[in-house]
1. Only one of these is without any contact (Cβ under 8 Å) to a residue 60 or more places away in the chain, on the phi < 0 side of the Ramachandran plot, more than 9 Å from chain B (Cβ to nearest Cβ) and not in a helix (DSSP H, G or I): A:774, A:768. Name it.
2. Could you please let me know if residue A:79 is under 20 Å from residue A:156 (Cβ atoms), touching a Ser or Thr at 6+ places or on another chain (Cβ under 7 Å) and either open to solvent by 40 Å² or more (accessible area, probe 1.4 Å) or more than 16 Å from ligand 1 (Cβ to nearest atom) (or both)?
3. Can we say residue A:472 is farther than 30 Å from residue B:70 by Cα and open to solvent by 60 Å² or more (accessible area, probe 1.4 Å)?
4. Is it the case, given these coordinates, that residue A:731 is touching a helix residue (DSSP H, G or I) at 6+ places or on another chain (Cβ under 6 Å) and more than 8 Å from chain B (Cβ to nearest Cβ)?
5. May I ask you to verify whether residue A:308 is more than 16 Å from ligand 2 (Cβ to nearest atom), open to solvent by less than 40 Å² (accessible area, probe 1.4 Å) and more than 14 Å from chain B (Cβ to nearest Cβ)?
6. For segment A:438-454, does any single residue satisfy the condition of being surrounded by 14 or more Cβ atoms within 10 Å (Cβ to Cβ), within 30 Å of residue A:44 (Cβ to Cβ) and within 12 Å of chain B (Cβ to nearest Cβ)?
7. Quick check on this structure: which one of A:306, A:363, A:410 is outside any helix (DSSP H, G or I) and farther than 25 Å from residue A:34 by Cβ?
8. Among the numbered conditions (1) surrounded by fewer than 16 Cβ atoms within 10 Å (Cβ to Cβ); (2) free of Cβ contacts under 8 Å to residues at least 60 places away in the same chain, tell me where residue A:814 comes up short.
Amino acid sequence: MVRRHKRENSDTLLTRMTLTTPRYVGIDLGTTNSAAAVFDGEQVTAVRNAQGASLTPSVVRIDGRGNITVGARARRYLERDAKNTRGEFKRLMGTSQDLAFASADITRKPEELSAEVLKSLRKDIEDQFGFAPQRAVISVPALFELPQNAATSEAARLAGFEQVELLQEPIASALAAGWSAEESAGSWLVYDLGGGTFDASLLETRDGLLRVIGHDGDNFLGGRDFDWAIVDWLLAQIKQQTEVELSRSKPEHTAAITRLKQLAEEAKIELSRNESTEIAIIELPVPGGDPLDLEVSLDREMLETLCLALVDRTLDVCTRLCKTHGLDPGGLHHVVLVGGPSVMPIVRRRVQQVLQVAPTEGLDPMTLVARGAAIYAATAGLDARPESRPEPVPESQRVWLQHPAMSSDLTPHVVGKLVDSEPDKAPGEIRVLRSDGLWESPWTEVDEEGAFVLSVTLIPRRPNIFRIEGRRGPEQKVAIEPPTFTIVQGLTISDPPLSRTVGVALANNRVRVYFERGAPLPVRRTFNLRTVETVPAGSEECILKIPIVQGEFDDAHLCRLVGSLELRGEKLKQHLPAGAEVEVTIELDRGGRMSARALVPSLDQVFEQVAHLLVPEATPEVLAANLEATQQRVIELRAEAFQAKIISAIGRLNSIESRLASLETDVAAAAGGDTDAAQKARRAFLELDAEIEQIELDKRWPELEEEARETVIWASATIADFGLPHEAKLLTDTAKAIEQAKNNRDALELQRQLRLLARLGSTASLRHPHAWHHRFERAASKADQATDLVAAQALVKEGKVAINKDDVPALRRITQKLWQLLPDDPEDRKLGHNSGVR
Amino acid sequence: MQQQQTDPLADNPFFVLGLAPDCSRQEIEREGQKLLGLLELGLSRAATYQTPLGPRERTPELVRGAMAELRDPKRRVVHELWADVAQATSVAHERAEQAQASPGEAPAWTDVWQLFDWRAP
Ligand SMILES: Nc1ncnc2c1ncn2[C@@H]1O[C@H](COP(=O)(O)OP(=O)(O)OP(=O)(O)O)[C@@H](O)[C@H]1O
Ligand SMILES: [Mg+2]
């Protein structure tokens with residue numbers, strides 16, 4: 001300990017002197033283990049903790065006096081002192097679950113415990129590198145939902161980070177692998193098998209650009225499932241040898257099962273190195289009986305028999321992912337293995353057999369994610385060093401600079417603008433000089449907006465520091481603030497794509513799509529919506545909801561509610577009449593964090609309070625009911641599928657059924673008091689629901705095909721008559737896409753293209769000389785249902801006058817006003833998450 | 001229906017980035033980065049871009065979207081075609097606009113249909 005301290009001090013001294021360039025920090029906040037890495041633009045270094053290890057178990061212990069221990073020292077108590085020690089809280093992120101620490105008599109939220117792990121890693125970085133990082137990139141599972149992302153950001157804030165960005169774990173792995181690869185062109189598969197989740201990602205690198213092609217995964221498959229497979233086997237062995245029957249679903253057996261699981265995990269890890277192992281079960285507590293002592297031997301072959309089906313499930317996911325993106329398994333260039341269980345020989349063997357590529361050697365599967373996160377921090381320009389700006393030189397000119405923090409391009413542009421410049425002191429010309437003295441730009445003129453654009457030349461694969469100089473005329477130098485900037489030459493990473501379509505649910509149960517799946521993040525968009533009912537000012541009960549949903553469906557009720565903006569009567573300055581305009585803006589950052597805002601122009605009021613949704617709690621009763629309903633649904637769908645001979649649906653139903661079987665175990669465990677199993681089950685149900693929806697959509701296929709046929713005919717005719725040339729071209733394009741979606745039997749894509757086509761057709765149809773006439777007639781026929789009868793009748797009268805005068809613009813205005821007065825079907829509104837807008 | 005949609009023709013990624021359809025990948029990254037920087041600084045020279053349908057407002061979202069589209073080789077091919085067609089037919093378009101103004105005279109579509117190997121309905 002003492003010796004180590006000495007070394008740290010000299011390290012610290014050394015790093016202080018060399019910290020002239022940025023440092024980038026990446027953190028893998030894992031379910032089981034966490035790790036951190038620091039990138040200096042050239043080298044990525046895994047951070048070592050006080051024990052000298054690069055992995056810190058994500059375990060927190062709080063003793064009776066409130067002392068907090070994190071990592072390996074806490075992990076030792078996980079089983080011995082379960083009441084005061086917690087692990088695997090990552091799975092509870094985004095829930096309102098409080099975790100109790102009995103002796104200290106306190107509870108902590110999952111994000112507070114994650115914050116303890118982050119604090120510990122932050123301290124390790126400070127010890128090893130001499131600075132407490134202020135900014136970092138934290139990796140999150142690709143399938144994390146918005147509330148879980150929000151909880152992760154909160155944990156970082158609690159741990160004292162000023163700013164963090166979130167990054168999907170598979171992108172991090174690929175980035176790290178791509179950075180260290182000699183020759184990196186080609187397609188990559190990242191295979192990340194962790195403690196509880198499996199992620200597969202397909203990426204491509206070309207000309208220094210790393211691009212994510214697609215993701216797939218299984219949220220409920222990981223090392224723990226191997227452990228449970230061993231536990232079940234052990235239970236059978238115990239029964240055979242002692243006739244004692246223990247069960248995972250009995251609360252009174254929890255202590256024994258926990259003990260067995262720990263032994264199973266140790267045996268599993270042991271068998272990654274050795275051919276066989278002895279499991280010594282000592283004093284296993286048995287309710288109402290004597291503690292058990294026995295020894296069981298397990299060899300690798302048996303372990304592989306127990307795990308083969310689980311391993312092959314991961315490979316099915318990989319094959320499916322490749323197929324979806326038109327890649328034969330033989331077409332992969334690299335496979336990168338990540339996560340603890342990927343060390344198991346059977347995993348490596350099956351990967352090689354099925355994917356026909358040998359896993360890339362020389363990458364540490366345990367720290368790869370953290371390394372990649374650190375590299376990403378560089379691409380995002382997230383310098384971790386505390387702000388220690390030297391006093392600016394007096395009389396210096398401030399500039400605002402824009403340039404990539406990391407770039408694959410050897411000659412990127414640097415754009416700048418003078419800030420608060422005084423005409424008689426501002427520089428007229430700017431140039432930059434690379435710190436090695438071997439390159440400088442020509443003097444470049446500052447334009448009338450105070451801006452300049454320069455092209456700089458980079459040395460490959462390292463941080464390039466540039467000094468900026470300014471001058472007024474050839475003699476008069478002007479100091480520039482900041483005096484230097486850094487660009488790392490390396491990879492360019494394309495913006496992360498949005499994983500699911502985001503939109504606002506409308507009162508007619510449709511969705512106003514804001515961002516389509518695959519849109520590059522960050523994104524921001526505003527739409528004008530209208531309220532469907534009056535909200536009286538001051539009313540406490542009256543709340544107008546603007547539900548934000550995620551999903552690929554046209555119908556709002558099929559999409560998942562992820563947040564809700566609320567216009568509360570009590571906060572309104574004045575009454576808000578039905579039909580009032582509301583400008584709703586939704587914004588997502590690079591890590592998928594969402595913010596939303598509603599502006600009511602007539603009141604000049606902004607509402608920013610998004611009711612964030614927590615991941616719902618999963619009570620055993622709800623789960624059991626869910627299980628039964630899902631099982632029932634599968635039986636019905638199967639019968640229908642057989643009747644209609646929909647082979648693809650039958651295949652899918654089979655896979656759903658096998659997952660339902662394993663879900664049963666979790667639901668049983670939840671009933672036995674295992675909250676973690678309950679969360680796992682809840683998420684499994686969400687996924688199964690989505691899959692069942694997909695099958696339902698498939699069932700609608702013939703209907704959809706018919707709709708496609710009709711829409712194409714209608715749109716073609718309309719556009720032929722009234723369309724503009726570019727609309728005609730779009731029509732052909734869309735028709736082709738529709739044809740392709742039909743050939744691929746891709747219901748979601750077909751639905752999406754039909755949406756486009758309908759929009760195209762309706763735009764063109766508006767040029768029909770009588771278009772507004774027809775629309776007006778239709779709206780007028782429903783005027784008796786209007787929310788404001790008097791206003792509606794007045795409009796109908798005005799409309800008739802406009803028709804007589806053949807005043808189309810007026811007729812159009814009138815019809816649109818009339819539409820706003822027509823109500824939505826209350827049933828639809830309820831389905832549309834009670835939306836108050838359209 | 002969704003009104004404020006982007007227009008796939010005017011929003012052709014090549015127009016948004018102001019690049020020719022035969023530009024290299026590096027040029028896309030370089031120009032995209034530069035435009036994002038200029039927009040972030042609110043500089044007028046990046047504020048609009050030219051299309052056959054006239055000038056359009058350029059936003060960071062459009063630029064990022066354009067970069068993402070052109071990074072994907074399969075999608076880039078489609079946009080290359082569109083950019084060419086757009087240039088070639090921009091004259092025809094003006095004529096069509098005039099035709100619209102004088103009723104009864106429908107624009108001729110046949111060329112466009114043929115271009116896509118598509119029979120007019
Ligand atoms: N040598 C080994 N052989 C087999 N399994 C191992 C080995 N080392 C660790 N594991 C298993 O790896 C799992 C933890 O993996 P890892 O640390 O990658 O997960 P994590 O990143 O914390 O989880 P997640 O990615 O799901 O958040 C545990 O189930 C553990 O038993
Ligand atoms: Mg992991």
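1. When all the criteria are applied, what remains is A:768.
2. Criteria not met by residue A:79.
3. Considered against the rule, which asks whether it is farther than 30 Å from residue B:70 by Cα and open to solvent by 60 Å² or more (accessible area, probe 1.4 Å), residue A:472 comes out as yes.
4. yes
5. On the way: more than 16 Å from ligand 2 (Cβ to nearest atom): yes; open to solvent by less than 40 Å² (accessible area, probe 1.4 Å): no; more than 14 Å from chain B (Cβ to nearest Cβ): yes.
Spelling it out, it is not the case that residue A:308 is more than 16 Å from ligand 2 (Cβ to nearest atom), open to solvent by less than 40 Å² (accessible area, probe 1.4 Å) and more than 14 Å from chain B (Cβ to nearest Cβ).
6. Looking through segment A:438-454, at least one residue is surrounded by 14 or more Cβ atoms within 10 Å (Cβ to Cβ), within 30 Å of residue A:44 (Cβ to Cβ) and within 12 Å of chain B (Cβ to nearest Cβ).
7. From the options A:306, A:363, A:410, the qualifying one is A:410.
8. All conditions are met except number (1).
The values are calculated or read from the model by the stated rules, or taken from the named source; none is laboratory data. The shown structure was predicted, so the numbers you read here are calculated from the model rather than taken from an experiment. Counting neighbours? That spans all protein chains shown, and the Cβs are built from the backbone with ideal geometry, glycine included. When the accessible area is computed, the model is the full protein with side chains, heavy atoms only, and any ligands, DNA or RNA have been set aside. Shrake-Rupley method; radii C 1.70, N 1.55, O 1.52, S 1.80 Å.
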